[in-house]
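First the structure, in the form of structure tokens, and then the observations on it.
The values are calculated or read from the model by the stated rules, or taken from the named source; none is laboratory data. This is a predicted model, so every value here is computed, not measured. Cβ sites come from the backbone with ideal geometry, for glycine too, and all protein chains shown count toward neighbours. These accessible areas exclude ligands, DNA and RNA; they are computed on the full protein's heavy atoms, side chains included. Shrake-Rupley method; radii C 1.70, N 1.55, O 1.52, S 1.80 Å.
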Amino acid sequence: MELTYQVTRAEIAEGLRLREGPARTSRGGAVATVAVVLLLAAAAWFAFGPAGPVAALLVCFGPVAAWLVLLALRSHQVSSCHRIAREQGEWRAVLDAEGFHATAGGLRTDIAWSVFPRYAESERVLMLFDPAARAKGFLILPKRAIGAGRLPAVRRLLDEHPAGV
């Protein structure tokens, strides 16, 4: 099966969320953060009386600052990956029984399926992972490049080789 594509920033962001797994990508984490901040603010209000608002701001600033730093780091990671992908230009790839074979920007790569024994799927991408716990190596296959009509064939190919997650 042949594909031609250039990965987008949104596809990279979605792929990185898939790499982290459902526990870290759930919106429950954001809700839990807000709940903890509100509880800390309430505790500071009751503990410090009239000085409560100042104490609440100081107590809340730490978690909020940490959350903002994490957002900035994620944005930087996506931007860095997208810059590298954009510099490579358009990918021309072939998926076959042996693996993923592609050319882009004068670069040719052949990756055996055994390198990425796991994959996950989202609305926009199929994401292949290396076996490491934090999945440092990955390959993003945009569904728009595959096309709805060929998607079942690609899923069958991936199910025959990497183990789906």
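Odds and ends about this structure:
- Residue in region 21-32 that is open to solvent by less than 70 Å² (accessible area, probe 1.4 Å), part of a loop (DSSP other than H, G, I, E, B) and at pLDDT below 70 present: yes
- Selection of first residues in region 1-12 that are within 12 Å of LEU126 (Cβ to Cβ) and of second residues that are charged (D, E, K, R), restricted to Cβ pairs under 6 Å at least 6 apart or on distinct chains, gives the following pairs, ordered by first then second residue: GLU11/ARG124.
- Members of region 87-115 that are on the phi < 0 side of the Ramachandran plot and in contact with a helix residue (DSSP H, G or I) (Cβ under 9 Å, 6 or more places away or on another chain): TRP91, ALA93, LEU95, ASP96, ALA97, GLU98, PHE100, ALA104, LEU107, TRP113
- Restricting region 86-111 to residues that are touching a Gly at 6+ places or on another chain (Cβ under 8 Å) and open to solvent by less than 50 Å² (accessible area, probe 1.4 Å), the residue that is nearest to HIS161 (Cα to Cα): ILE111
- Residues in region 135-148 that are surrounded by fewer than 17 Cβ atoms within 10 Å (Cβ to Cβ) and either touching a residue at least 40 places away in the same chain (Cβ under 8 Å) or of a type in the set (A, V, I, L, M, F, W, C) (or both) were compared, and the one that is nearest to TRP91 (Cα to Cα) is ARG144.
- Of residues in region 112-127 being at pLDDT 90 or above and buried (at least 19 other Cβ atoms within 10 Å of the Cβ), the one nearest to ALA97 (Cα to Cα): LEU126
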